[in-house]
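Peer 1: Here it is, the structure in full.
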Amino acid sequence: MEIPSKYNPQGTQEKWYDYWMKNKLFRSVPDEREPYTIVIPPPNVTGMLHMGHMLNNTIQDILVRRARMMGKNACWVPGTDHASIATEAKVVAKLSEEGIEKQKLSREDFLKHAWEWKDKHGEIILEQLKKLGASCDWDRNCFTMDEKLSSSVISVFIDLYKKGFVYKGVRMVNWDPQAKTAVSDEEVIYREEKSTLYYVRYKVENVDDEWLTIATTRPETILGDTAVCVNPNDKRFKKFLSKRVLVPLVERSVPVITDDYVDMEFGTGCLKITPAHDENDYNIGLKHNLDTINIFNEDGTLNASAEFFVGEDRFEARKKIIPELKKAGHLVKDEDYVNKVGYSERTDVVIEPRLSAQWFIKMKELAKPALENVMNDTIRFYPPKFKNLYKHWMDNVKDWCISRQLWWGHRIPVYYLSDGDFVVAKTIEEAIKLAQQKTGNPDLREKDLKQDEDVLDTWVSSWLWPISVFDGVNNPDNEDISYYYPTSDLVTAPDIIFFWVARMIIAGYEFRKEKPFENVYFTGMVRDSLRRKMSKSLGNSPDPLELIEKYGADGVRVGMLLCSPAGNDLLFDESLTEQGRNFCNKLWNTFRLIRGWTVDVSEAQPEAAEKAIHWFEAKLNQTLELVDDQFSKFRISGALMAVYTLIKDEFSGWYLEAIKPAYQRPIDQSTYKQTLLFLDKLLKLLHPFMPFISEEIYQLIVDRPEGESIMISEMPKAVSYDKKLIREFEKTKEIIASIRNIRQGKNLQVKETVDLAVVAEEKSYNKTNLTIVQKLANVKEITFVAKPDEGAVTFMVMVTQYSVSLGTMIDVEAEKKKLEEELKYQQGFLNSVMRKLGNKNFVKNAPEKVVTIEQKKKTDAENKIKTLTDRLKSLS
C-alpha cells in the first residue's frame, strides 16, 4: 500500500471515528472484567465547546482509553445538563425576538418552546466532542430532565422531606433580578470594585439641629430603613439611646437601637438598618422586632413602598437619590471606597438580597460523612491542596436554597390546599390521596390542589448524576448501578468544587451509603499568556473547532496537555498546538521512513543495530514504568512528555539513526521486525493521547481484520530491564555529540572520517556501544591510549578522556582557551564541594547517601582537573 507523503488529520479523524462507532468499540455492558467508570461533567444544553471543555474532555478520554487498553471494562457516560437559568434565558430571548412575551404564555406553552429549543440545540456540544475524539458510550447518553433522571430528582426531594432535611422558610436569599429567581450562595461570584461611600445624616426627632450620620454604599436602600443602630459600648452615641430619628426624604420615624454587631471603626460607627435588603440587617431586625419594608420589585426596580423613584431601576435610583439628599441637606460627604459586590454566576448581574419564601435543604448533618471521607483519603483529591478548600466550605456549610422561580426544570412536588397547607407527592394522584388523608375529606379532587410554581435548582439533579445515570435511585439494585458504582475518576474544574463535587459526595453517602468516585482530578483554568481568563468579550479565546481544523484533533490534544499541570492554571499558547501537529508529522515521517526500507532476509544484523535494539528495549521499559507512575499520580502532562520524548528523541532520533541501513542498502529482517514491534508498542503507548494518528499507523503496519482496533489492543506492560544499558547509552550519546561538536567547530564535513582515541585501559573500558559511536559519528578507527596525541582535540565524558586527531586542522590557541575555561569551571566546582565537605555540621548531620554523593563529586572533579591540566601541558 502506498503511504501518502503528508498526513491528513481531517480525513483520518472522520474515517476512524466512524469506524469506532460502527463497530461499537465505545460500548460497555457489565461483565466479569474490572469496571472503569467516568461520568462526564454534563455541559449545559446552552453550551458550545470552549477551551475548558477541550482540556477536561481530553483528560477524560485519555483516562478512559488507557483503562480500556489495560483490560478494564471502560464506561464513559456522556450527557447534558438542562441548566434552568441559562436555558430559560435563551428561550425567553428567542421568544422576544419573535414578539412573544413569556408572561403571556401558559406554563405548558412555554415548556413546549423550551423543549423545541433543547431538541434543536441541546446535542450540539456533544457532537463537537466527537470531533475531539471523545470515546463515550453514546448509547448511554443522558439528559438531566430525561424521565428516569427526573424521577430520581423528585424521589430524592420527597425522601429528604420525609427525613426532615427539606423545609420551606422565609429567608434572606440571593436574588437575581434578571433571571427573577433565587440563587444559592455558591452561585454568587464576589468581585472587588471601586465604589462610593456616602455619608448621610438623619435628623433626631423632636430635637432642633441634632443629627446622626451613617455611611452607606447603597443610598437607594435608605427608603426602606426601619432603624439606626449603634454599638452599646460606643460612648459617642449614649445620648441618642431611646431616641428616634427621621429617615431622609420619606421622613419615617425609626428607633435608635444598640447591637454588638456594629463595628465602631467603620464609617461613623452608626449603621442604617434595612431588614428587607441586607442579610445582617435582616438578622438584627428579627432580634429587635423591626418592621421590614421591601422597596424592590422582582426585576430590581423600585416599588410603591419606596415612595420615591417608583419604577426606576435600582442603579438609576442610586444616581437620582444623591442630588435629592444633597438638596434636602442630608448628604454630608462622599469618598472612594473599595468593597466586594456579589454577581450572579449565571447572568452576571449584581445580586440583590431579598426576603423570600423558598425551599431549603439542611446540609450540616448530611455533610459530615462527605467531609470525613475526603479528609481521610477514602476519596482522593489531585492535587491534594484542594482538600483544605473543601474542608473550609464543608465546615461552614449553610442550608442550600433549592427553589428557583422558573418554569424550565424539575417542578417542586408540593401540592397546596386552599388554606395554605400542603402535601409532598410524586404525582397528582398520590397528592390527592395524601390530601384526603391529611384533611379527612374524601371528596378532595385535583381542582382542590395547586402544585408549587417553582422548579428545583439545576444542581439538585446534578448532585445525583453518578447515581441517576445508572438509575440507582429508582432501581437501587439494578445491574448497572451494582457494577459501575462507585465510579472510578471524576475530572472537573475546582470552580465547581462546592456546586457539584461536594454535593455529589454528600448525595453518594446519603443515598448509596458509598462514595460516588475513587478520585477527583482538578484541572486548571485555561488562561491566555497574560494570565487572563479566556472569554469571548476579551477576544482571547480561540474557537476549539477552528483549532482542530487547523492543527488536527491529536495536535490540539497534545498542545493542551503540554501546558496543563494538575490543578494549576493552563497558560494556553497556540504554538503548543502547532508543536502537537508537528509531532504528528514527525511520527508520520518516521513511519514512512521505516516502511520505505527494503528488507533482505540474507542480510546479517549489524552489531550497531543489535546493541541499539538492546538499549531501546530497556529504554522503552523504563518509560513504561515512568508512565505508569505518572498516571498513578494523575500527572497526565508528565506521562505525555515521557511518551513524547521517547518517540521524538529516542526512537525517531537515536534508535533509527543507529539501525538505519546505509544509503540504497537493505535492512536485515531481524532488525526490521524488531523495529516494527517497537513501533507497535509506541503507538499503543501513544494512543490514549493521540487516538487518530495512532490508529491510522497501527492499521497500516499490517492488514487487520474488520473490527480490530488499537483502542482495544493490550497496553504494553513494563518488564525487568538492565539499567546499565540505559546509563551506558547516555554515555554513548555524549561521545557522539562531542565528536559532532568538534566537527562543527572545525567545519569538518560529516562524510569525512575521524579517528577516536580513548584515554583508558582497553580491558577495563566498556566497549558495548563503540560500533554505534563509529556509525553515528563516522569514526574510522577507535584506539586506546595512555595519553592523547599532541595537537588532538580532547573532550571528557564522565571521568574518561577522549581525543580526536585533527593534525594541522587544530587551532592550538583556541583549544588552549577552551581547556582553560573548562579548567576554571572545574576548579570552582571543586571548591564549592570542598566547602560543603569541610563543614563538620554537614558531614555529621547529612544522610550518609548525601555525603557519599558529595565525595564522589570531589573525586570526579579532581580527575577532570588532572586530565585538563595534562592536556594543557601537552599543548604548551
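The values are calculated or read from the model by the stated rules, or taken from the named source; none is laboratory data. The shown structure was predicted, so the numbers you read here are calculated from the model rather than taken from an experiment. Because the Cβ atoms are built from the backbone with ideal geometry, glycine has one as well, and the counts that use them run over all protein chains shown. Ligands, DNA and RNA are stripped out before the accessible areas are found, and what is left, the full protein with its side chains, is counted by its heavy atoms. Shrake-Rupley method; radii C 1.70, N 1.55, O 1.52, S 1.80 Å.
Peer 1: Pairs K746/K780; K733/K816; K733/K763; K24/K131; K319/K533: which exceed 20 Å Cα-Cα? Don't skip to the answer; put the middle values down first.
Peer 2: On the way: K746/K780 18 Å; K733/K816 25 Å; K733/K763 22 Å; K24/K131 17 Å; K319/K533 32 Å.
Pairs exceeding the cut-off: K733/K816; K733/K763; K319/K533.
Peer 1: How high is the relative contact order of the stretch 656-716, given as a whole-number percent (alpha carbon pairs under 8 Å, six or more residues apart)?
Peer 2: Details: 32 pairs, mean separation 19.0, N = 61.
Computed over the stretch 656-716, the figure is 31 percent.
Peer 1: Right, next: Return the aspartates and glutamates within reach of K515: Cα separation strictly under 17 angstrom, same-chain partners fewer than 8 residues apart disregarded; answer none if there are no such residues.
Peer 2: Straight-distance partners of K515: E365, E372, D377, D471, D477, D480, D489.
Peer 1: If you don't mind, another one. Within the stretch 508-539, list the trypsin sites (Lys or Arg not before Pro) lying in a DSSP loop whose Cβ has at most 16 other Cβ atoms in a 10 Å radius. Let's see the in-between values first.
Peer 2: Values: sites: R512, K513, R527, R531, R532, K533, K536; in loops: R512, K513, R531, R532, K536.
Sites meeting the loop and neighbour criteria: K513, R531, R532, K536.
Peer 1: If you don't mind, another one. Mind checking the angle between helix 636-645 and the chain's longest principal axis? C-alpha axes, 0 to 90 degrees, to the nearest 10.
Peer 2: On a 0 to 90 degree scale, this one is about 20.
Peer 1: Kindly write out, for the stretch 691-701 in residue order, the coupling ³J(HN,Hα) from the Karplus curve 6.51 cos²θ - 1.76 cosθ + 1.60 (θ = phi - 60°), rounded to whole Hz, with x marking Gly and Pro.
Peer 2: Values per residue, Gly and Pro as x: x, 6, 5, 5, 5, 4, 5, 4, 6, 8, 4 Hz.
Peer 1: In degrees between 0 and 90, to the nearest 10, how far off the longest principal axis of the chain does helix 9-22 point, with axes built from Cα atoms?
Peer 2: Value to nearest ten degrees: 70.
Peer 1: Is the chain best put as rounded, prolate or oblate by its Cα gyration tensor, with a ≥ b ≥ c the root eigenvalues, rounded for a/c under 1.5, and otherwise prolate when a/b is larger than b/c, oblate when not? Could the numbers behind the result be given before it?
Peer 2: Working: a/c = 2.88, a/b = 1.82, b/c = 1.58.
Prolate is the answer for the chain, as a/c is 1.5 or above and a/b outweighs b/c.
Peer 1: Over the chain, what is the relative contact order in percent, taking alpha-carbon pairs closer than 8 angstrom and at least six residues apart? Present the calculation step by step, with values, prior to reporting the outcome.
Peer 2: Details: 1459 pairs, mean separation 106.2, N = 876.
Relative contact order here is 12 percent.
Peer 1: Continuing with this model, one more query. Cross-link candidates for K239: which lysines have Cα within less than 16 Å, leaving aside residues fewer than 8 places away along the same chain?
Peer 2: K203
Peer 1: Return the long-range amide H neighbours of H410 (sequence gap of 5 or more, or a different chain), with a cut-off of under 5 Å between placed amide H atoms.
Peer 2: Those qualifying (amide H under 5 Å, at least 5 residues apart or on another chain) are L456.
Peer 1: Kindly list the residues of the stretch 20-53 that lie in the label zone of S482, defined by a backbone N under 20 Å from the point 7 Å along the Cα-to-C-beta vector.
Peer 2: Taking a point 7 Å out along Cα→Cβ of S482, the residues of the stretch 20-53 whose backbone N falls under 20 Å are 28-37.
Peer 1: If you average the C-alpha positions of the stretch 68-112 and of the stretch 336-410 separately, how far apart do those two centres end up, in angstrom?
Peer 2: 23
Peer 1: I've got another one for you. For labels at S418 and S242 in the simple 7 Å Cα→Cβ model, what's the distance in nm?
Peer 2: With each label point 7 Å from Cα toward Cβ, the separation is 5.2 nm.
Peer 1: Same structure, new question: For the stretch 387-489, what does the relative contact order come out to in percent, with C-alpha contacts under 8 Å and a separation of six or more?
Peer 2: 28
Peer 1: Given H placed on each backbone N at 1.01 Å, which residues far from F422 in sequence or on other chains put an amide H within less than 5 Å of it?
Peer 2: L417
Peer 1: Hey, another quick one. Which percent of the accessible area of the stretch 1-144 is formed by carbon and sulfur heavy atoms (probe 1.4 angstrom)?
Peer 2: Values: 3180 of 6140 Å².
Carbon and sulfur: 52 percent of the exposed surface of the stretch 1-144.
Peer 1: DSSP beta bridges in the stretch 749-826, what fraction antiparallel, as a percent rounded to 5? The partial results should precede the final answer.
Peer 2: Values: 9 of 15 bridges.
Rounded to the nearest five, the antiparallel share is 60 percent.
Peer 1: Beyond 30 Å between alpha-carbons counts as too far, so tell me which of K118/K391; K180/K364; K22/K94; K817/K858 fall in that bin.
Peer 2: Numbers: K118/K391 37 Å; K180/K364 28 Å; K22/K94 37 Å; K817/K858 24 Å.
Too far apart for the 30 Å limit: K118/K391; K22/K94.
Peer 1: Here is a further query. By per-residue mean of other Cβ atoms within 10 Å, what is the highest-first order of 72-84, 432-444? Mind showing how you got there, number by number?
Peer 2: Working: 72-84: 24.2, 432-444: 13.9.
By packing density, highest mean first, the sequence is 72-84, 432-444.
Peer 1: Of the accessible area of the stretch 545-661, with the probe set at 1.4 angstrom, what percent is carbon plus sulfur?
Peer 2: Working: 1970 of 4420 Å².
The nonpolar share, carbon plus sulfur, comes to 45 percent.
Peer 1: How would the stretch 237-283 be classified by its alpha-carbon gyration tensor: rounded, prolate or oblate, with rounded meaning a/c under 1.5 and the a/b versus b/c comparison settling the rest? All intermediate terms of the calculation are to be shown ahead of the outcome.
Peer 2: Values: a/c = 1.68, a/b = 1.07, b/c = 1.57.
It comes out oblate by the Cα gyration axes.
Peer 1: Shape verdict for the stretch 437-500, please, from the Cα gyration tensor: rounded (a/c under 1.5), prolate (a/b greater than b/c) or oblate.
Peer 2: Details: a/c = 4.80, a/b = 1.84, b/c = 2.60.
Oblate shape, in that a/c is at least 1.5 and b/c is the bigger or equal ratio.
Peer 1: Between D395 and Q436, what is the label-to-label distance in nm when each label sits 7 Å out along the Cα-to-Cβ direction?
Peer 2: 5.4
Peer 1: Can you pull the one-decimal nm distance between simple spin-label points at L676 and Q451, each 7 Å off the Cα toward Cβ?
Peer 2: 6.5
Peer 1: Past the 32 Å Cα-Cα mark, which pairs from K163/K450; K148/K633; K723/K775; K15/K586?
Peer 2: Values: K163/K450 24 Å; K148/K633 36 Å; K723/K775 23 Å; K15/K586 21 Å.
Over 32 Å Cα-Cα: K148/K633.
Peer 1: What number comes out for accessible area per residue over the chain if the probe is 1.4 Å? Units Å², please. Show your work: numbers first, answer last.
Peer 2: Numbers: 40680 Å² over 876 residues.
Value for the chain: 46 Å² per residue.
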